[in-house]
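Please read the structure below before turning to the comments.
The values are calculated or read from the model by the stated rules, or taken from the named source; none is laboratory data. Because the structure is a prediction, the values reported are computed rather than measured. Neighbour counts are summed over all protein chains in view; Cβ atoms, including those assigned to glycine, are modelled from backbone coordinates with ideal geometry.
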Amino acid sequence: MRIALGCDHRGLKLKQAIIGLLTELGHDYHDFGCYSSDPVDYPDIAKQVAEAVASGKFDHGILICSSGIGMSIAANKVKGIRAALCCDIIGAERARRHNDANILCLGEDAVEPGAAMDIVKVYLSSAFEGGRHLRRLEKIRRLEAA
């Protein structure tokens, strides 16, 4: 699986831990930044990751900021993106199985590192169920096109 990865300065530590996990799990990834604790604007990183996922070059994205809220709001402005802020494994599983989320958003200040690793694992190992959820996803796509 190819993963587009990004964070702002408040998500750097968690992003580095996730890179280790992705490597351990055998996933390919590209790090879109940021690369230091110098302040950056999260919408810039979210846009790069979201556009990379929407283009089809990456299967999924992972975005991290302090709360995960800003990244999810910004990423969801890109057509074709279904970014989900997940704070537990139930949310991560449902985001994939029911909503076909293609970007996972995390908050470094909101989730303990061990829980974040579990969330990433569940998100990446869950698949969209289709069925009744497909009908709802089509309605979301129509909202996006309006």
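Some points to look at:
- Identity of the residue in region 1-48, of a type in the set (D, E, K, R) and part of a loop (DSSP other than H, G, I, E, B), that ends up nearest to Ala74 (Cα to Cα): Asp41
- Residue satisfying condition, being surrounded by 15 or more Cβ atoms within 10 Å (Cβ to Cβ), in contact with a Lys or Arg (Cβ under 7 Å, 6 or more places away or on another chain) and more than 20 Å from Pro113 (Cβ to Cβ), within set Ala54, Ala50, Ala83: Ala54
- Counting only residues that are more than 16 Å from Ile81 (Cβ to Cβ) and either in contact with a helix residue (DSSP H, G or I) (Cβ under 6 Å, 6 or more places away or on another chain) or among the hydroxyl-bearing types (Ser, Thr, Tyr) (or both), region 34-51 holds 3 of them.
- Yes/no for Ala17 being aliphatic (A, V, I, L, M), under 29 Å from Glu138 (Cα atoms) and either out of contact with any Asp or Glu (no Cβ under 8 Å at 6 or more places or on another chain) or modelled with pLDDT of 95 or more (or both): no
- The condition (being in contact with an Asp or Glu (Cβ under 7 Å, 6 or more places away or on another chain) and either more than 16 Å from Gly6 (Cα to Cα) or among the charged types (D, E, K, R) (or both)) is satisfied by just one residue among Lys57, Lys79: Lys79.
- Among the residues making up region 118-134, those that are assigned to a helix (DSSP H, G or I) and within 17 Å of Ile81 (Cα to Cα) are Tyr123, Leu124, His133, Leu134.
- Considering residues of region 93-146 that are among the acidic types (Asp, Glu) and surrounded by fewer than 18 Cβ atoms within 10 Å (Cβ to Cβ) only, the residue modelled with the lowest pLDDT: Glu144
Here's the yes/no breakdown for (1) in contact (Cβ under 8 Å) with a residue 12 or more places away in the chain; (2) on the phi < 0 side of the Ramachandran plot:
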site	(1), (2)
Asp44	no, yes
Ser72	yes, yes
Gly80	yes, no
Glu108	yes, yes
Lys121	yes, yes
Ser126	yes, yes
Leu134	no, yes
Leu143	no, yes
